[in-house]
Amino acid sequence: MDASPTLHVGTATRTGPPFVVFALPRSRTAWLSRFLSYGNWQCGHDEVRHCRSLEDIASWLAQPCTGTVETAAAPFWRLLRKLAPDAQIVTVRRPVDEVIASLAATGLVFDPTHMTQQMHRLDHKLDQIERRFPNVLRVSFADLAHESVCARVFEHCLPYYHAPVWWRSLAPVNVQISVPLMYRYYLAHKRQLTKLAKQATHRMIADMTPPPREFDGVTFQPEPFAQFYADAKALFAEHLVQTDQSPDDHARKNLPLMQTLDDVGALQVMTARCNGRMFGYLMSVIAPSLDTQDAIMAEHTIFFASPAIRGLGMQLQRAALAALKARGVSAVIMRAGHRGSGPRLGTFYRRLGAEPFGELYRLELEH
């Protein structure tokens, strides 16, 4: 052990990856975040509450000398395996009944049955983390009262030898957060955090699918909007997450208008299927041109091609353009740079023979 009296500078033994401590609430997590903020390293506490996108999480983990203690992130441990596969992991275990009693002592009002169910689910996720990650350090809440256990956590997470003087300076300190204040924060940002949780869940499920491979027998065909919408919901989820939307936001789109446009022949939905399963779609709105009386224009709107089939996007675009031409469309407007992979679509469209056509602006009018 390092016996140096220095409180803020330890002896580095290695450069280190980020670290994450997973725990249930009321498990000395705020104290641990203070104890593990040492030297050049900063340890956050429930940092995920500040994130609004998966990119925020990736950027945060990419910082040097970074760690965090999390009480609500355990259900999303599979993302950590992808975003920071070398992260050092610690789990702090406290009996659920003790956690519930400690929460009640803070003055927080809650349904004990529901809260107990939630805590048991979180506790089960800690079990999964310990089974699925290599070299997880498991410690108990009660044992954090002992210097030897804190030293193991310190050296597991940080590239320093344990500093006894640093531990002694913090051991008697009761570091607490305001649970009601934290709860108000979660309520105030519930919509954003729910959206992020849905994105994370979708991304974890998508990452479990087999890697991309070539498929034979892909067919391209225009489809009625109702049939397309009924079959495309799994792809919608992936599409919406890639464009920083909630995976269930498709239900909030103007579906009645899309159906009406389809009913009057002003909508084309081109799909790509293999063995009946949909892998891509491209929707185009068709209307007479305002520039001349005898021209018909089309504008591409939603466009998605699954990465499971290489080159599908270009094939889908060509099939849609051929079908539009057969319907008498003389020009197509294609928008790039909006969301998701938008910035790359300009090059994609130029490969199809399209040329830049001015710039598009948007102004939101307040009501």
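The numbers here are math on the coordinates, done by the rules we state, and not lab data. What you see is a predicted model, and the numbers here were worked out from it, not measured in a lab. Cβ sites come from the backbone with ideal geometry, for glycine too, and all protein chains shown count toward neighbours.
Around Asp207, under 13 Å between beta carbons, what's the net of Lys plus Arg minus Asp minus Glu among the other residues?
Combined, the nearby Lys, Arg, Asp and Glu give +3.
Using θ = phi - 60° and the Karplus form 6.51 cos²θ - 1.76 cosθ + 1.60, what ³J(HN,Hα) does each residue of region 257-268 get, whole Hz, x for Gly and Pro?
Each residue of region 257-268 in turn: 5, 4, 5, 5, 4, 5, 4, 9, x, 9, 9, 10 Hz.
Please report, for the Cα atoms of region 218-351, the Rg to one decimal and the Dmax as a whole number; what are they, in angstrom?
So, for region 218-351, Rg and Dmax equal 14.5, 42 Å respectively.
Report the gain in length on full extension from Ala322 to Arg310: 0.36 nm times residue separation, minus Cα-Cα distance, nm rounded to one decimal.
2.3 nm
Excluding Ile333 itself, calculate the net charge of residues whose Cβ lies under 14 Å from the Cβ of Ile333, where each Lys or Arg counts +1 and each Asp or Glu counts -1.
Once positives and negatives cancel, what remains is -3.
First obtain the Kirkwood hydrodynamic radius of region 145-273 from its Cα pairs, then insert it into the Stokes-Einstein equation at 25 °C and 0.890 mPa s, and state the resulting D in µm² per second as a whole number.
In µm²/s, the coefficient rounds to 121.
What Kirkwood Rh does the chain have if only Cα atoms enter the pairwise 1/r average? Answer in Å.
After inverting the pairwise mean of 1/r, the radius is 24.3 Å.
Calculate the FRET efficiency for Leu181 and Asp56 from the Cβ-Cβ distance with a Förster distance of 25 Å, rounded to the nearest 0.05.
So the FRET efficiency works out to roughly 0.70.
Which order do peptides 29-37, 109-117 fall in by mean Cβ count within 10 Å, highest first?
Answer by packing, highest mean first, reads 29-37, 109-117.
Going by average Cβ neighbours within 10 Å, how do the peptides 18-24, 55-61 rank, with the highest at the top?
18-24, 55-61
If each residue of separation counts as 0.36 nm, what is the full-extension length gain between Glu366 and Glu299 once their alpha-carbon separation is subtracted?
Going from the current span to full extension adds 21.5 nm.
Given points 7 Å out from each Cα along the Cα-Cβ axis, report the Ala331 to Ser169 separation in nanometres with one decimal.
Using points 7 Å along Cα→Cβ, the separation is 7.0 nm.
Could you sort the peptides 180-191, 88-99 by per-residue average Cβ neighbour count (10 Å cutoff), highest mean leading?
Most protected by this proxy first, the peptides run 88-99, 180-191.
Quick one: order Arg362, Arg351, Arg49 by neighbouring beta-carbon count within 10 Å, fewest to most.
Arg362, Arg351, Arg49
Using the basic label-point model (7 angstrom from Cα toward the beta carbon), what is the Ala188 to Ile205 distance in nanometres?
3.2
Kirkwood-based Rg over Rh for region 19-207 (C-alpha set), two decimals?
Dividing the radius of gyration by the Kirkwood radius yields 0.94.
May I have the pair-distance distribution P(r) for region 107-215, computed from all Cα-Cα distances with 5 Å bins from 0 and rounded to whole percent?
2, 8, 9, 14, 16, 16, 16, 11, 5, 2, 1, 1, 0
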